[in-house]
Amino acid sequence: MEAQHVQSDATVTITAPTNVANGQVLNYGSSGVAIAQAPQTTGRPVGCAIKGVYEFNKAPAGVSYAAGDLVGWDTASRLARAFTAGASRYLGICHEDAASGDSTIRVRINEVATPAVP
């Protein structure tokens, strides 16, 4: 046997850093995020999504996003916002346009935007 499937790449199990709620955004790796799939207590294993499209509350009000824009996670405000290296964790790419009046944004988490091929 050269390879054996051990786990889907859409989920991981990590140790809950604090008591977590279902749907809570957690830090994953040095710059990514994971979405808790169930509530869990501190120090216990929790299943988390690291791929997929999720809806987040967005900030600031009055800002619009286009599909493909880079989106970050502000760990202080717990809101999605335009990604700025060093100022927010990388959340992913905007999945569909979000108007300035929208309070939420859909993001393909941990997805890397690929440049258009000429």
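Worth pointing out:
- Those residues of the range 78-96 whose amide nitrogen sits under 20 Å from the label point placed on residue 64, 7 Å along Cα→Cβ: 80-83, 93-96
- When the P(r) of the chain is calculated, the portion above 19 Å amounts to 49% of the C-alpha pairs.
- Using a Förster distance of 22 Å, the FRET efficiency for residue 74-residue 53 (Cβ separation, nearest 0.05): 0.65
- Radius 15 Å from Cβ of residue 14, net charge of other residues (Lys, Arg +1; Asp, Glu -1): +2
- The distance separating the Cα centre of the range 1-71 from that of the range 90-111 comes to 15 Å.
- Net length gained if the chain between residue 96 and residue 30 were fully extended (0.36 nm per residue, minus Cα distance): 21.1 nm
- Annotation: Cα Rg of the range 53-109 relative to the compact-globule expectation 2.2 N^0.38 Å equals 0.95.
Any read-out appearing in this document is the output of simple, stated calculations on the displayed coordinates, not a laboratory observation. As the structure is a computational prediction, the values presented were derived from the model and not from experiment. In this analysis, Cβ positions are derived from the backbone assuming ideal geometry, glycine residues included, and neighbour counts consider all displayed protein chains.
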